[in-house]
Every structure is written in C-alpha cells, then in structure tokens.
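Participant: Here it is: the structure, laid out below.
The values are calculated or read from the model by the stated rules, or taken from the named source; none is laboratory data. None of these values were measured; they are calculated from a predicted model. Here Cβ is always computed from backbone atoms with ideal geometry, including for glycine, and neighbour counts include all displayed protein chains.
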Amino acid sequence: MTSLSGIYAGLNSTYAYLASQYKDGLTLENIAEARTKTDNLNTLNQTFASYLQTNFSALDADGDGVISAAEANNTINQMSSSGLTKAQLTQLQASGASGISSSDYSYILENFESIDANGDGRITDAEIAAYKLKAAKMEKEDEMNNKFATNMSTFYGDDSASSANSYSILSYKYKTNKS
C-alpha cells in the first residue's frame with residue numbers, strides 16, 4: 001500500500017501546470033476552459049483538475065475568485081498534515097485520480113475507520129503506515145497460530161507415519177531403541 005503523497009503531488013503539479021497557462025490567475029473559468037482544450041489532453045491530469053474545479057470555493061480561501069499559489073500550497077499542506085476525509089478519497093477515486101492504485105484506494109476506503117486511529121474522520125500517511133504495520137503483524141500472528149494449530153503431529157505423533165522411528169514428544173519415553 002502506498003502513501004497519500006502521490007495525491008498531494010498530483011494536486012500540486014496540476015495546479016502549477018494550470019497556473020502557468022493563465023497569467024491572470026487560476027479562476028474557475030480557467031480550469032473549465034483548460035479541461036476542454038484538446039492540446040491539454042495529454043498533459044493535464046483531468047482527475048486533479050476536476051478536483052480543483054469541484055472544490056474551487058474551498059481552495060479560494062480569500063474568496064477573490066482566483067486560486068493563488070499560496071492558497072493552493074496551504075490547502076495541499078493542510079491536507080498532507082491533517083489527512084484526507086473519506087469523502088475526499090471517495091471523490092478522488094470516483095474521478096480516477098492517479099497517485100494511488102485503484103486497489104490501494106479500495107483497501108483504504110474499506111478499512112477507513114480502522115486506519116483512522118485517532119477517530120478524527122481523516123487519515124494521514126502516518127496512520128496508513130501504522131495500520132499497515134499492525135495488519136502485517138496480525139497477519140504473521142494468524143499465520144503462526146494457524147501453523148501451530150495445524151501441525152500438531154510434532155506433539156501428538158504422526159498417524160500416517162509407518163516408520164517405527166516416528167514418534168511424538170509425548171511418546172519418547174515409551175520408545176525403545178531397537179537398533
């Protein structure tokens with residue numbers, strides 16, 4: 001499972017690309033126009049552009065109709081430090097956001113409540129890493145418990161063994177050495 005840093009990098013680079021196209025600043029109209037330009041089809045990440053367009057009013061903190069570099073950076077830094085909500089992740093997944101594989105999106109969304117260790121409704125890279133470590137530990141414990149539960153022949157003896165040398169820990173004192 002990867003971290004959320006791919007999402008933050010994607011949002012940042014999409015903002016930078018769009019801002020470089022419009023010298024008067026990045027407005028809602030500029031984003032809509034850029035998304036329909038055919039020369040942007042191979043260079044503009046439509047998913048992140050869609051996210052910027054859909055969440056324009058939240059990104060435009062001062063309400064002047066333009067997303068400045070400072071506003072974009074502040075929002076992305078805030079997302080990075082405080083994490084993403086399930087709604088934000090769902091929106092990014094539904095629009096096909098890159099930065100995280102679809103299987104990682106699904107895993108994170110399916111386990112969101114468990115990953116959200118502090119219960120604030122947001123998940124961070126640190127919470128994902130901690131959950132990943134905890135899940136790996138639990139998987140290893142389950143594997144070991146299953147191995148012990150299914151391999152009792154060492155303790156009780158192997159019923160399928162036809163050799164006289166086959167013994168269990170319980171029967172060692174009853175065996176005689178006939179060699």
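Participant: Pairs please, first residue from segment 53-80 and more than 12 Å from Thr27 (Cα to Cα), second anywhere and among the charged types (D, E, K, R) and surrounded by 15 or more Cβ atoms within 10 Å (Cβ to Cβ), Cβ atoms under 9 Å, 6+ apart in sequence or on different chains.
Facilitator: Sorted first by the residue in segment 53-80, then by its partner, the pairs are Ala61/Glu71; Asp62/Glu71; Glu71/Asp60; Met79/Arg122; Ser80/Asp125.
Participant: Let me ask something additional. With respect to the numbered conditions (1) surrounded by 17 or more Cβ atoms within 10 Å (Cβ to Cβ); (2) part of a loop (DSSP other than H, G, I, E, B); (3) of a type outside the set (Val, Ile, Thr), which one is the sole condition not fulfilled by Tyr15?
Facilitator: So the condition that Tyr15 fails would be (2).
Participant: Among Ser102, Ser68, Ser153, which is at pLDDT 90 or above, out of contact with any Ser or Thr (no Cβ under 6 Å at 6 or more places or on another chain) and not aliphatic (A, V, I, L, M)?
Facilitator: Ser68
Participant: Name the one entry in Ser68, Ser57, Ser50 that is hydroxyl-bearing (Ser, Thr, Tyr) and surrounded by fewer than 16 Cβ atoms within 10 Å (Cβ to Cβ).
Facilitator: Ser57
Participant: Only one of these is within 24 Å of Ser3 (Cα to Cα) and either among the hydrophobic types (A, V, I, L, M, F, W, C) or in contact with a strand residue (DSSP E or B) (Cβ under 9 Å, 6 or more places away or on another chain) (or both): Ile76, Ile31, Ile67. Name it.
Facilitator: Testing whether each residue is within 24 Å of Ser3 (Cα to Cα) and either among the hydrophobic types (A, V, I, L, M, F, W, C) or in contact with a strand residue (DSSP E or B) (Cβ under 9 Å, 6 or more places away or on another chain) (or both) leaves just Ile76.
Participant: Among helices (runs of 4 or more DSSP H) lying entirely in segment 37-118, which contain 2 or more residues that are within 13 Å of the chain's Cα centre (by Cα)?
Facilitator: 86-94, 102-110, 112-115
Participant: Pick out the one residue from Gln78, Gln91, Gln21 that is farther than 30 Å from Lys134 by Cα, surrounded by fewer than 18 Cβ atoms within 10 Å (Cβ to Cβ) and not charged (D, E, K, R).
Facilitator: Gln21
Participant: OK, next. Quick one: Asp39 ticks every box in (1) surrounded by fewer than 17 Cβ atoms within 10 Å (Cβ to Cβ); (2) closer than 22 Å to Ser82 by Cβ except a single one, so which number is it?
Facilitator: It is condition (2) that Asp39 fails.
Participant: Taking the condition hydrophobic (A, V, I, L, M, F, W, C), at pLDDT below 55 and either surrounded by 16 or more Cβ atoms within 10 Å (Cβ to Cβ) or part of a helix (DSSP H, G or I) (or both), does Phe148 pass?
Facilitator: No, not satisfied.
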